[in-house]
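The numbers here are math on the coordinates, done by the rules we state, and not lab data. In this text the structure is predicted, and so the values were computed from the model without any measurement. Counting neighbours? That spans all protein chains shown, and the Cβs are built from the backbone with ideal geometry, glycine included.
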Amino acid sequence: MKRNGFSTGLMYVLLVFLGVGLGFLIFLNFQANQQQQENIEAARLAEMVTPTPEPTVTPVPTAVPVRNAETVTLAFAGDLVGQAGLTTDAKITGDDGTETYDFAPEMEGVRSALENADLAACTLVSTLTESGEYDSYRMPAAAAAAMKDVGFDLVNAATDHILDRGLEGLSETVGILRNAGLGVLGAYDSSDRSLLMADVNGVKVGFLSYTYSTASNTGGAQPVSVADSSWCLDLLTTDYMTTMETVDYTKIDADIAAIREAGADIVVCFAYWWNNTQYYTEPRDNQTEVADHLLESGVDILIGGGVKSPQPIEVRTVARPDGNANCVVCYSLSNLMSCFTDTYTNISAVAQIEISRDTDNGDIWISGVSAEPLFMDYAEGAEVGSRYRLLDAQAAVDAGQATEAVQTGMNDLRTLMGDTYFREGGMVLEFPYGLPDAEIASETLSEEAAMILKEE
């Protein structure tokens with residue numbers, strides 16, 4: 001009986017234990033299901049308050065101005081430095097002993113860079129004379145005829161050597177250049193100082209030019225005073241006889257305003273820089289200070305000289321009261337022709353600057369900048385008459401006739417002045433003034449869509 005009682009009691013205990021365990025498991029399962037339902041409900045509510053992201057809008061390309069434009073091209077070369085070697089090599093002695101001068105063979109290499117230009121200019125670092133002794137910075141009049149023949153239209157004469165023979169030498173030089181059919185900048189043979197304006201196929205281009213002094217402040221040369229004839233030369237500084245540091249911004253700004261008022265669409269300014277810029281391949285502080293001021297005051301194209309080595313070309317967009325303007329600074333185009341032998345002094349470039357005019361509304365802007373490389377070759381040991389030759393460097397490369405020196409010179413020019421300008425087509429610039437939407441159309445738009453934009 002005891003065995004049966006024990007067995008029955010144990011059975012009841014086991015059943016109770018099993019029942020409690022089963023109940024606990026059911027409770028846990030219920031809790032899990034309830035938590036799952038709460039999670040689902042929370043996710044549903046979160047989905048209700050979080051909006052579905054809108055599909056990404058396809059980007060619309062920025063529209064570019066479509067303009068009907070005519071273009072003119074201005075070409076600017078560097079400094080023709082009138083050193084004795086060039087004159088000696090150009091001399092021709094006739095059978096009767098008479099001496100004439102022919103600079104055409106020396107200059108021929110620049111012709112192709114000028115032939116497509118509507119106007120071309122360079123700087124003459126010398127005086128010219130019909131007779132007398134020729135030496136450094138005193139060349140025969142035949143040089144002017146050769147400059148005209150290869151394609152130049154204007155010559156900047158405002159340099160530190162134009163008064164080497166005094167006012168008489170300056171006047172003779174101006175007269176010779178004019179007689180050769182060349183316009184003259186920066187130097188005047190009478191007190192009737194008038195700024196030069198050229199109508200280049202309907203684009204009015206005004207020209208200004210300034211030199212830092214009348215002579216070098218090194219090497220013992222003394223500046224020449226123009227106190228009694230201040231009209232004869234446009235000077236960059238007021239203290240040109242001493243420190244040569246104070247830029248005459250009052251005069252320069254007045255000239256810019258006057259030539260703008262006279263109707264200039266584009267203002268070009270030549271600046272013959274200080275001696276402390278010579279042989280530098282980057283602009284000095286005084287160059288950049290002057291450049292910044294001139295561009296802000298209304299100069300569109302600045303051509304620097306007197307450096308003797310290449311310096312960068314810069315293209316800028318300058319903010320002005322009447323809107324933005326494309327501007328170009330050529331800090332130094334180097335020596336067009338010279339007898340210098342220092343590093344980089346025998347390489348130069350012709351800067352070709354394209355000006356566009358909108359045929360619909362007359363807007364005018366600088367629309368392109370490119371450069372053509374030149375190399376001043378000296379054939380040591382060659383006969384007099386064939387030693388100095390200005391070479392079209394690119395043509396020599398294209399013809400497979402470029403020496404290692406020419407090829408190296410071209411590479412140096414690209415590095416020093418800016419590779420972009422030497423590539424085919426150069427740098428292309430858009431109209432900068434920020435047209436209203438009504439005048440904007442995109443080349444990628446249909447004609448109908450473009451018309452809608454114009455009508456709006």
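Would you please state which residues of the range 374-391 a label at Thr403 would reach in this model, taking the label point 7 Å out along Cα→Cβ and a backbone N cut-off of under 14 Å?
It comes to 375-383, 386-391, nothing else.
I need Phe207, Phe152 ordered by Cβ neighbour count within 10 Å, fewest first. Can you show the working numbers first?
Numbers: Phe207 25, Phe152 28.
Least crowded to most crowded, the residues run Phe207, Phe152.
Suppose each label sits 7 Å from its Cα in the direction of the beta carbon; what would the Asn116-Arg316 distance come out to in nanometres?
Here the answer is 2.9 nm between the modelled labels.
Could you compute the FRET efficiency for Glu108 and Leu167, with r as their C-beta to C-beta distance and R0 at 30 Å, rounded to 0.05? Could the numbers behind the result be given before it?
Values: r = 34 Å, r/R0 = 1.13.
The formula returns an efficiency of 0.35 here.
Just add up the charged neighbours of Gly109: K/R +1, D/E -1, any other residue whose Cβ is under 9 Å from the Cβ of Gly109. Walk me through the numbers before you get to the answer.
Details: positive: Arg111, Arg389; negative: Glu106, Glu108, Asp377, Asp392.
Once all neighbours under 9 Å are counted, the net charge is -2.
Once each part is reduced to its C-alpha centroid, what is the distance from the range 383-398 to the range 263-317 in angstrom?
Taking the Cα centre of each part, the range 383-398 and the range 263-317 sit 28 Å apart.
Got a sec? How would Val268, Val72 order by Cβ neighbour count within 10 Å, fewest to most? Write down the numbers at each step before the final one.
Numbers: Val268 27, Val72 19.
Arranged by neighbour count, lowest to highest, Val268, Val72 become Val72, Val268.
So between Arg193 and Asn276, what do we pick up on full extension, going 0.36 nm a residue minus the alpha carbon distance? Can you show the working numbers first?
On the way: separation 83, 0.36 × 83 = 29.88 nm, distance 2.95 nm.
Answer, rounded to one decimal: 26.9 nm.
Size of the dipole of the range 104-229 about the Cα centre, Lys and Arg at +1 and Asp and Glu at -1 on the beta carbon, nothing else charged, in debye to 20?
On the way: 7 positive and 17 negative charges, 53 e Å.
Dipole magnitude for the range 104-229 comes out near 260 debye.
Relative contact order for the range 318-411: what is it in percent, counting Cα pairs under 8 Å that are at least 6 residues apart?
Numbers: 127 pairs, mean separation 19.1, N = 94.
It comes to 20 percent, rounded to a whole number.
Given a Förster radius of 22 Å and the C-beta distance between Thr343 and Glu380 as r, what FRET efficiency does 1/(1 + (r/R0)^6) yield to the nearest 0.05? If you can, show how the numbers build up before the last one.
On the way: r = 17 Å, r/R0 = 0.77.
Efficiency for this residue pair is about 0.85.
Using the count of nearby Cβ atoms within 10 Å as a rough guide to exposure, how do Val406, Val125 rank from fewest to most? Please report the intermediate quantities before stating the final value.
On the way: Val406 22, Val125 29.
Ranked by crowding around the Cβ, least crowded first: Val406, Val125.
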